[in-house]
Amino acid sequence: MIEILAHNMAPIIFASLVVFLLLGYPVAFSLAANGLIFFVIGVWLAPYSNGEITLDWPLLGTMPQRLWGILSNETLLAIPFFTFMGIILERSGMAEDLLDTIGQLFGPIRGGLAFAVVLVGALLAATTGVVAASVIAMGLISLPIMLRYGYDRRTATGVIAASGTLAQIIPPSLVLIILADQLGRSVGDMYKGALIPGLVLTGMYLGYIAMIAIFQPHKVPALPPEARTLGGGVTSLLVALAAASGIGYGAHLWAYADWGANADVLGATIGTVAIYLYALADRYAGLNLLSRLAQQVIMVLIPPLALIFLVLGTIFIGLATPTEGGAMGAVGAMVLAFAKGRFTIPMVQSALAATTRLSAFVLFVLIGARMFSLTFYGVNGHIWVEELLTAVPGGQYGFLFVVNLIIFILGFFLDFFEIAFILIPLLIAPAQTLGIDLIWLGVIIGVNLQTSFLTPPFGFALFYLRSVAAKVPYLDKVTGKKMDGIKTGQIYQGAIPFIIIQVLMIFAVVLFPQMVMHYKGPVVDASTIEIKVPGFQPMDPGGQGTAPVAPGGLPGLPGAPTLGAPNLGGATTPSPQGEAPAPGGLPRLGAPVITP
């Protein structure tokens, strides 16, 4: 009985952890408690395990070093930077400005507000990487407007909750940082690999809204004319964009000789700065050549786009690490808040407090995961998981199907941090055995983990929206009409179509890996590689020609170096009187002459 228990320690530990979590214990303490309890049991069972359990009391002495490895991890330092940046941007009113401006731009078309929410969700994802900030900001600002003008409640809540989860997959996502750290891969490579899937998923959201606008237009009506406070002026905006493109292209041609491949970045920067400065002059100098809509769009969109380039651009071109990019983003967010006149000490204090809470949560979960993994690996749990997953029929696709199904189910009950720290380290060995690229695996898991924010009963995006959506009837501030509250069931129902879209996106990334694998750069065909060895001056064989041969050299050997080798011919070298001759031309060793 004891031998059977020792042989099955790994599945017992994993099942025990699941029970602890289902009972509602905090994840960090569940991980640490399971690790410590089963460490003691493992040490007791080690003599009966036939070498399967390698736990011993001195192993606990390695825990301080393991914990120090967490505290000194520079990759994880990017998490508080990006969190702080996102909170500062959200509380400085950038989300409100973006939603109002893009909503006005797309307002005249059916579904315009929903399009605006998705696009702003993508922009906020690229500047904050924090789901809570995006969902709460859009729930407070956009949801009352969408309900005011007749949007279907399920569609409105689903669009807001799903758009907020784009912060999971569009860099600089916090979950991508965690995944890269747990998989032992570069955060920059993970960001590059996730960029195209994130943009494709955004396009799928927009496509779904377009289908609703075409086939069920009553669910997503256009803004009435009286609600379009910025008026028209799309033509003026298009002319301004064309002028900026022309300036950027001219700057590209001018700088190409000196900047080479980087001239396009320089040209785009010059064109963007030129049109932004012109919009400022047009508004504050009273030129009024641009429409109000064009002015507002240019002045509101360019600062966050510049911040995106500052953070992601420097990471992608290799100028900064993710941690350094996060630090620059945090400084840039404070600069933008100061420029808007909304930078206050209380705002910074609250942002620091929220950042500290999230960072402490991540740190404690990671410490508990280290204790759990020490015991789990000590009972050869990683080998059990590897054998279990590599035995799945179907090879790579079978492995990916099973792993994604497990993560999808765990997403109903666990946060993405918890899934990443518990499950991801166990997948590395079987994935490498099957030849799966870990960046590709990480992006697939990142898309899957988005569903954990939308799946009931513990979908955090649903909770965030529930916390800011009206629960009881209220009077609209603009129209004065009595509006019904939002039911929790409506929020859950609105999320279902977007969960389906995310599952389809998982299949798309699995079936079309090049969406991710482009991070490696262009594929080189080995058959086209030609190696040329530099030519050498031919050596003259045996002294015939110009190459000199030293006396005693080796005639007839092509290219033999003239090292002054002794004469090995058959002639006998004369010797002084009383000294034996050297046979076969061997050199004399200078033996002393003995005189009787």
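The values are calculated or read from the model by the stated rules, or taken from the named source; none is laboratory data. Everything quoted here is computed from the prediction, not taken from an experiment. We place every Cβ from the backbone using ideal geometry, glycine too, and count neighbours over all the protein chains shown. The area values use the complete protein model at the heavy-atom level, side chains included, leaving out ligands, DNA and RNA. Shrake-Rupley method; radii C 1.70, N 1.55, O 1.52, S 1.80 Å.
Some observations on this one:
- Residues satisfying the stated conditions in segment 222-237, i.e. in contact with a Ser or Thr (Cβ under 6 Å, 6 or more places away or on another chain) and either closer than 15 Å to ILE102 by Cα or open to solvent by 30 Å² or more (accessible area, probe 1.4 Å) (or both): GLY233
- In segment 55-103, the residues that are surrounded by 15 or more Cβ atoms within 10 Å (Cβ to Cβ), β-branched (Val, Ile, Thr) and assigned to a helix (DSSP H, G or I): ILE70, ILE79, THR83, ILE87, ILE88, THR101, ILE102
- Condition check for ALA78: under 27 Å from the mean Cα position of the chain (by Cα) and farther than 30 Å from ALA320 by Cα: no
- Every pair of residues 6+ apart whose Cβ atoms lie under 6 Å, when the first sits in segment 507-520 and is part of a helix (DSSP H, G or I) while the second is of a type in the set (Lys, Arg): TYR519/LYS192
- Matching option when the condition is in contact with a helix residue (DSSP H, G or I) (Cβ under 6 Å, 6 or more places away or on another chain), surrounded by 22 or more Cβ atoms within 10 Å (Cβ to Cβ), part of a helix (DSSP H, G or I) and hydrophobic (A, V, I, L, M, F, W, C), among ILE298, ILE302: ILE298
- Test: residue in segment 491-501 that is closer than 21 Å to GLY193 by Cβ and open to solvent by less than 40 Å² (accessible area, probe 1.4 Å): yes
- Some residue of segment 350-361 being under 30 Å from PRO304 (Cα atoms) and crowded, with 21+ Cβ neighbours inside 10 Å: yes
- Counting the residues of segment 337-349 that are open to solvent by 40 Å² or more (accessible area, probe 1.4 Å) and on the phi < 0 side of the Ramachandran plot gives 9.
- Of note, ALA257 does not satisfy the criterion of being out of contact with any Cys (no Cβ under 8 Å at 6 or more places or on another chain), farther than 22 Å from MET94 by Cβ and modelled with pLDDT of 85 or more.
- Matching entry among ALA222, ALA194, ALA213, ALA227 (being modelled with pLDDT of 90 or more, within 21 Å of LEU147 (Cβ to Cβ), out of contact with any Cys (no Cβ under 7 Å at 6 or more places or on another chain) and small (Gly, Ala, Ser)): ALA213
- Applying the condition of being out of contact with any Ser or Thr (no Cβ under 9 Å at 6 or more places or on another chain) and in a helix (DSSP H, G or I) to segment 42-54 and asking which residue is modelled with the lowest pLDDT yields TYR48.
- Residue in segment 13-26 that is most open to solvent (accessible area, probe 1.4 Å), counting only those that are touching a residue at least 24 places away in the same chain (Cβ under 8 Å) and closer than 19 Å to TYR377 by Cβ: PHE14
- Residue that is farthest from THR229 (Cα to Cα), among those in segment 247-293 that are crowded, with 19+ Cβ neighbours inside 10 Å and touching a residue at least 60 places away in the same chain (Cβ under 8 Å): SER291
- Against the test of being under 18 Å from VAL447 (Cα atoms), at pLDDT 85 or above, in a helix (DSSP H, G or I) and open to solvent by 10 Å² or more (accessible area, probe 1.4 Å), the options ALA122, ALA132, ALA161 yield a single qualifying residue, ALA122.
- For segment 222-251, filtering for residues that are within 28 Å of GLY271 (Cβ to Cβ) and touching a Gly at 6+ places or on another chain (Cβ under 8 Å) leaves 8.
- Annotation: LEU277 fulfils all but one of (1) modelled with pLDDT of 85 or more; (2) under 29 Å from the mean Cα position of the chain (by Cα); the unmet one is (2).
- Residue in segment 228-242 that is assigned to a helix (DSSP H, G or I), among the small types (Gly, Ala, Ser) and within 36 Å of the chain's Cα centre (by Cα) present: yes
- Residue match in segment 192-206 (condition: in a helix (DSSP H, G or I), under 29 Å from VAL478 (Cβ atoms) and touching a Phe, Trp or Tyr at 6+ places or on another chain (Cβ under 8 Å)): yes
- Which numbered condition LEU36 misses (of (1) open to solvent by 10 Å² or more (accessible area, probe 1.4 Å); (2) touching a helix residue (DSSP H, G or I) at 6+ places or on another chain (Cβ under 6 Å); (3) in contact (Cβ under 8 Å) with a residue 60 or more places away in the chain): (2)
- Summed over segment 148-158, the residues that are at negative phi and either surrounded by fewer than 22 Cβ atoms within 10 Å (Cβ to Cβ) or outside any helix (DSSP H, G or I) (or both) give a count of 6.
- All conditions but one from (1) in contact with a Phe, Trp or Tyr (Cβ under 8 Å, 6 or more places away or on another chain); (2) of a type in the set (A, V, I, L, M, F, W, C); (3) in a helix (DSSP H, G or I) apply to ALA274; the one that does not is (1).
- Residues located in segment 477-494, provided they are within 21 Å of LEU201 (Cα to Cα) and touching a Pro at 6+ places or on another chain (Cβ under 8 Å): TYR492
- Scanning segment 164-191 for residues that are among the polar types (S, T, N, Q) and assigned to a loop (DSSP other than H, G, I, E, B) returns SER173, SER186.
- Within segment 436-480, the set of residues being open to solvent by 10 Å² or more (accessible area, probe 1.4 Å), among the hydroxyl-bearing types (Ser, Thr, Tyr) and assigned to a loop (DSSP other than H, G, I, E, B) comprises just one member, THR479.
- Criterion: in contact (Cβ under 8 Å) with a residue 40 or more places away in the chain, within 21 Å of the chain's Cα centre (by Cα) and within 28 Å of THR165 (Cβ to Cβ) - qualifying residue of PHE416, PHE364, PHE412, PHE372: PHE416
- Residue within segment 381-396 that is more than 26 Å from ILE506 (Cβ to Cβ), open to solvent by less than 50 Å² (accessible area, probe 1.4 Å) and either at pLDDT below 90 or not in a helix (DSSP H, G or I) (or both) present: yes
- Flag for LEU140 being in contact (Cβ under 8 Å) with a residue 40 or more places away in the chain, more than 26 Å from LEU312 (Cα to Cα) and in a helix (DSSP H, G or I): yes
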